[in-house]
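What follows is a single structure, written as structure tokens, with notes after it.
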Amino acid sequence: MKINIKVDASDCKFDPSELKARLSEALEYGAENVQRMAIEIVPKDTGDLAGSIDVSGGGLHFEIAPDTDYALYIEEGTSPHTITGNYYLYWEGTDHPVHEVNHPGNKAYKYMEEALMANIDNIVEFVMEAIGDVFD
């Protein structure tokens, strides 16, 4: 069984390029709001993670993403694990070399998910306004 749903827009009196441009603006604005909030709420130690959260893309596809090798570990957390042979296993007051450390794990900080969920209704509203602007 197949179900086909089609819309014949041949009689519509709108400019598809204007619709695409307005949708792009709405999505970019929404993506930038998610980015700003993620930067605001992400846990900060050195600030590298917050500084790496960027918006890329264009048209009808935007991506908000951090660019560090540990971003996912902060978002999702980690379970207890053993770290071995890492350069960072050095700190003052400890006999060296330290060959391994039992790490207790990190809790999840859902900074990206929280930023998206806090903005999702506004993004939908921006998109609806963009559509309404073209068809009004």
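The values are calculated or read from the model by the stated rules, or taken from the named source; none is laboratory data. Keep in mind that what you see is a predicted model, and the values were worked out from it rather than measured. Please note: Cβ atoms are built from the backbone with ideal geometry, for glycine as well, and neighbour counts cover all protein chains shown. These area figures cover heavy atoms from the full protein model, side chains too; ligands, DNA and RNA do not enter into them. Shrake-Rupley method; radii C 1.70, N 1.55, O 1.52, S 1.80 Å.
If you go through the stretch 110-136 and keep only what is part of a loop (DSSP other than H, G, I, E, B) and at pLDDT below 95, you end up with just 136.
Considering only residues in the stretch 44-77 that are of a type in the set (Val, Ile, Thr), part of a loop (DSSP other than H, G, I, E, B) and open to solvent by less than 70 Å² (accessible area, probe 1.4 Å), the one that is farthest from residue 120 (Cα to Cα) turns out to be 68. Evaluating residue 13 against the criteria (1) open to solvent by 80 Å² or more (accessible area, probe 1.4 Å); (2) modelled with pLDDT of 90 or more leaves one unmet condition, (2). Checking each residue in the stretch 110-124 for being exposed (fewer than 14 other Cβ atoms within 10 Å of the Cβ) and touching a helix residue (DSSP H, G or I) at 6+ places or on another chain (Cβ under 9 Å) picks out 113, 120, 124.
Restricting the first member to the stretch 87-106 and to residues that are at pLDDT below 75, and the second to residues that are not in a loop (DSSP other than H, G, I, E, B), the beta-carbon pairs closer than 7 Å and six or more apart or on different chains are 89/83; 89/101. Might you check whether a residue that is closer than 30 Å to residue 15 by Cα and surrounded by 12 or more Cβ atoms within 10 Å (Cβ to Cβ) occurs anywhere in the stretch 79-101? So far as the stretch 79-101 goes, no, none of its residues is closer than 30 Å to residue 15 by Cα and surrounded by 12 or more Cβ atoms within 10 Å (Cβ to Cβ).
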